[in-house]
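Chemist: What follows is a single structure, and I will ask about it in a moment.
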Amino acid sequence: MLHVAPDELGPLAPNVDPYERNNLWMLERAARFGAARMIFICLWNGEGGDGPGGTKHLMDAARRNSAPVHWLNTKTLWD
């Protein structure tokens, strides 16, 4: 089944960051069969982004809401 965020979530409310909303929506959709069945894998350098809703936000949300979380640190991955 294809999920389209604007169709499922409606229009973006004022003062809501679209990237943060998308991150949380993706996690919610992935966890609909139970957080224990979800594995979160993230390829990331560990740095904060240039605005809200970036990879750090997604990692923090995944750490709070899923198990297990696997972080592939791009700063050390190829050392």
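Chemist: Which is touching a residue at least 12 places away in the same chain (Cβ under 8 Å), small (Gly, Ala, Ser) and either touching a helix residue (DSSP H, G or I) at 6+ places or on another chain (Cβ under 9 Å) or closer than 25 Å to Thr76 by Cβ (or both), of Gly48, Gly53? Reasoning before the result, please.
Modeler: Working: Gly48 fails: touching a residue at least 12 places away in the same chain (Cβ under 8 Å).
The unique qualifying residue is Gly53.
Chemist: Could you check the stretch 1-48 and list, in sequence order, the residues that are open to solvent by less than 40 Å² (accessible area, probe 1.4 Å), under 21 Å from Ser66 (Cβ atoms), part of a loop (DSSP other than H, G, I, E, B) and at pLDDT 90 or above?
Modeler: Answer for the stretch 1-48, where residues must be open to solvent by less than 40 Å² (accessible area, probe 1.4 Å), under 21 Å from Ser66 (Cβ atoms), part of a loop (DSSP other than H, G, I, E, B) and at pLDDT 90 or above: Asp17, Gly46.
Chemist: Would you call Leu77 in contact with a strand residue (DSSP E or B) (Cβ under 9 Å, 6 or more places away or on another chain), among the aliphatic types (A, V, I, L, M) and either free of Cβ contacts under 8 Å to residues at least 12 places away in the same chain or exposed (fewer than 14 other Cβ atoms within 10 Å of the Cβ) (or both)?
Modeler: On the way: in contact with a strand residue (DSSP E or B) (Cβ under 9 Å, 6 or more places away or on another chain): yes; among the aliphatic types (A, V, I, L, M): yes; either free of Cβ contacts under 8 Å to residues at least 12 places away in the same chain or exposed (fewer than 14 other Cβ atoms within 10 Å of the Cβ) (or both): yes.
Spelling it out, Leu77 is indeed in contact with a strand residue (DSSP E or B) (Cβ under 9 Å, 6 or more places away or on another chain), among the aliphatic types (A, V, I, L, M) and either free of Cβ contacts under 8 Å to residues at least 12 places away in the same chain or exposed (fewer than 14 other Cβ atoms within 10 Å of the Cβ) (or both).
Chemist: Restricting attention to the stretch 49-79, which residues are modelled with pLDDT under 90 and of a type in the set (A, V, I, L, M, F, W, C)?
Modeler: Ala67, Leu77, Trp78
Chemist: When residues of the stretch 63-79 are filtered for being part of a helix (DSSP H, G or I) and out of contact with any Leu (no Cβ under 6 Å at 6 or more places or on another chain), how many remain?
Modeler: Pass one, the stretch 63-79, residues part of a helix (DSSP H, G or I): 63-65.
Then drop every residue that is not out of contact with any Leu (no Cβ under 6 Å at 6 or more places or on another chain), which leaves 63-64.
Selection size over the stretch 63-79: 2.
Chemist: Quickly run through the stretch 35-79 and pick out the residues that are among the basic types (Lys, Arg) and within 22 Å of Asp17 (Cβ to Cβ). Steps first, answer last, please.
Modeler: Applying the first criterion (among the basic types (Lys, Arg)) to the stretch 35-79 yields 37, 56, 63-64, 75.
Hits for the stretch 35-79 are Lys56, Arg63, Arg64.
Chemist: I'd like to verify a number: residues in the stretch 16-66 that are of a type in the set (Phe, Trp, Tyr) and over 20 Å from Pro6 (Cβ atoms), how many?
Modeler: Step one: list which residues in the stretch 16-66 are of a type in the set (Phe, Trp, Tyr), which gives 19, 25, 33, 40, 44.
Checking the rest, the ones that are also over 20 Å from Pro6 (Cβ atoms) come to 33, 40, 44.
Residues meeting the conditions: 3.
The values are calculated or read from the model by the stated rules, or taken from the named source; none is laboratory data. Given the structure is predicted, the values throughout are model-derived calculations rather than measurements. All Cβ positions, glycine included, derive from the backbone under ideal geometry; neighbour counts span all protein chains shown. With ligands, DNA and RNA removed, areas are computed over all heavy atoms of the protein, side chains included. Shrake-Rupley method; radii C 1.70, N 1.55, O 1.52, S 1.80 Å.
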